[in-house]
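**Q** Quick one: structure below, then a few questions.
The numbers here are math on the coordinates, done by the rules we state, and not lab data. None of the values given here were measured: they were computed from a predicted structure. Neighbour counts are summed over all protein chains in view; Cβ atoms, including those assigned to glycine, are modelled from backbone coordinates with ideal geometry.
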Amino acid sequence: MNYSNILVEKNGKTAKITINRPKKLNALNKDTINELHMAFEALEADDQIRAIIITGSGDKAFVAGADITEFAHFDILEGAKLSKKGQKTLFDFIENLNTPVIAAINGFALGGGLELAMACHFRVASENAKMGLPEVSLGVIPGYGGTQRLPQLVGKGKAMEMIMTAGMITAEDAQNSGLVNHVVPQEELIPLCEKLAKKISYNSSTAISAAIKAVNANFKDGINGYDVEIKQFGKCFGTEDFDEGTTAFLEKRKPNF
Ligand code: COA
């Protein structure tokens, strides 16, 4: 598949998606969101791929937000539609993938860029990264899940401050707040993400997918996460991976998933 705004590379069991609009600091326009959806869908269907890394091209930005030029003249209905469609096409879609997605935040992750990173299963940042939700400085609020996912990750008070001040936080502050898991020099960012992806790939993909469903259930209204855990836990017992994992342990060898 040829894309205009993203690059997709596969290396063994890991895939890397690079958002490739460096002149616009990788801002998310409609076409980029659609291409990302298609790329994630295709990688999810690829049995060889056990983890996906998403990053931005260049050394300055992960994603500097939704493309402001595209929505500057929208009215109320168009605004609501933009948010609803984006959440469904990309942000909720990533969060609910069976394949783990790691955000490699290599620079500015602002607005829709931070929302994209937060929709991923976890985040790693380079030392130069800056993160924030500056939407209220534009007279709007985060619309791609930011008002929900930021408090989940950093707590309500910190999220309120970040959203209300529209300010940026450093990678170090983001790590201290639980927004990113690791901070490394920029040249070590992709190697570390690849190392984490490789570690993931040694484990059972069916169990990982069940774990994603169970963890996500904690954040869904009207759903009892413990019930989802019980159901997913039980389902694991019917999988080939469970046979292989437990047999390998008893035979004192490494499992081959
Ligand atoms: N949407 C559209 N274009 C964007 C963009 C966005 N979110 N963020 C950056 N760009 C464009 C700029 O307009 C500029 O394009 P131009 O060269 O055609 O004028 C180009 O990317 C480079 O950005 P520039 O502002 O010149 O870089 P900088 O280093 O001076 O500043 C930022 C970097 C990230 C601080 C600044 O670009 C910025 O504030 N961007 C918007 C962030 C934002 O509000 N995001 C939330 C959107 S909801």
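**Q** Each residue of segment 8-23 in order: what ³J(HN,Hα) in whole Hz does its phi give by Karplus 6.51 cos²θ - 1.76 cosθ + 1.60, θ = phi - 60°, with x for Gly and Pro?
**A** 10, 10, 10, 9, x, 9, 10, 10, 10, 9, 10, 6, 10, 10, x, 5
**Q** Under 10 Å, Cα contacts only: if you run a Gaussian network model on the chain, which one of Lys60, Lys198, Lys235 comes out with the highest mean-square fluctuation?
**A** Highest fluctuation of the listed residues: Lys235.
**Q** Return one number: the angle in degrees, 0 to 90 and rounded to the nearest 10, between the long axis of the Cα atoms of helix 76-86 and the longest principal axis of the Cα atoms of the chain.
**A** For 76-86 against the chain, the angle is about 30 degrees.
**Q** Compute the label zone of Lys84 within segment 108-141: residues whose backbone N is under 15 Å from the point 7 Å along Cα-to-Cβ.
**A** none
**Q** What percent of all Cα-Cα pairs in segment 98-140 falls in each 10 Å bin, counting up from 0?
**A** Result returned by the calculation: 29, 49, 20, 2.
**Q** Sticking to Cα atoms, compute the Rg of segment 205-250 to one decimal and its Dmax as the biggest Cα-Cα distance, whole number, in Å.
**A** 12.0, 40
**Q** Now, a different point. So what is the 222 nm mean residue ellipticity for the chain from helices alone, if each DSSP H run of at least 4 adds -39500 (n - 2.57) and you divide by all residues, rounding to the nearest 500 deg cm²/dmol? If you can, show how the numbers build up before the last one.
**A** Values: 12 runs with 121 residues, N = 257.
Helices in the chain give a 222 nm mean residue ellipticity of -14000 deg cm²/dmol.
**Q** Counting other C-beta atoms within 10 Å, which of Phe249, Phe40 has the fewest, and how do the rest follow? Before the final figure, lay out the partial values.
**A** On the way: Phe249 11, Phe40 22.
Listing Phe249, Phe40 from fewest to most nearby Cβ atoms yields Phe249, Phe40.
**Q** I need the Debye-formula profile for segment 80-158: one equal scatterer per C-alpha, no solvent, reported as log10 I(q)/I(0) at q = 0.18, 0.20, 0.22, 0.25 1/Å, two decimals.
**A** Relative scattering, expressed as log10 I(q)/I(0), comes to -0.74, -0.91, -1.09, -1.31.
**Q** Mind checking which lysines have their C-alpha under 25 Å from Lys130, skipping anything on the same chain fewer than 8 residues away?
**A** Excluding near neighbours in sequence, the set is Lys16, Lys23, Lys24, Lys30, Lys60, Lys156, Lys158, Lys195.
**Q** Where does each of Cys193, Cys120, Cys236 land when they are ranked from fewest to most other beta-carbon atoms within 10 angstrom?
**A** Cys236, Cys120, Cys193
**Q** Here is a further query. Quick query: amide H of Lys130 versus all other amide H atoms, modeled in the peptide plane; which residues come in under 5 Å with a sequence gap of 5 or more or a different chain?
**A** Residues meeting the criterion, in which the H sits 1.01 Å from N, are Gly107, Phe108, Ala109.
**Q** One quarter of the convex hull surface, Cα atoms only: what value does that give for segment 54-121 in nm²? Intermediate values should be presented prior to the final figure.
**A** Working: hull surface 18.8 nm².
Computing the convex hull of the Cα atoms and averaging its projections yields 4.7 nm².
**Q** Using just the C-alpha positions of the chain as equal point scatterers, what log10 of I(q)/I(0) does the Debye formula give at each q in 0.11 1/Å?
**A** -0.60
**Q** Same structure, new question: Using +1 on the beta carbon of Lys and Arg, -1 on that of Asp and Glu, and nothing else charged, what's the dipole of segment 6-201 about the Cα centre, debye to 20? Don't skip to the end; give the middle numbers.
**A** Numbers: 21 positive and 23 negative charges, 41 e Å.
With only Lys, Arg, Asp and Glu charged at Cβ, the dipole is about 200 debye.
**Q** Let me ask another. Can you compute 3J(HN,Hα) from phi for each residue in segment 140-156, using the Karplus curve 6.51 cos²θ - 1.76 cosθ + 1.60 with θ = phi - 60°, rounded to whole Hz and x for Gly and Pro?
**A** Taking θ as phi minus 60°, the curve returns 9, 10, x, x, 10, x, x, 6, 9, 6, 5, x, 4, 8, 10, x, 5 Hz for segment 140-156.
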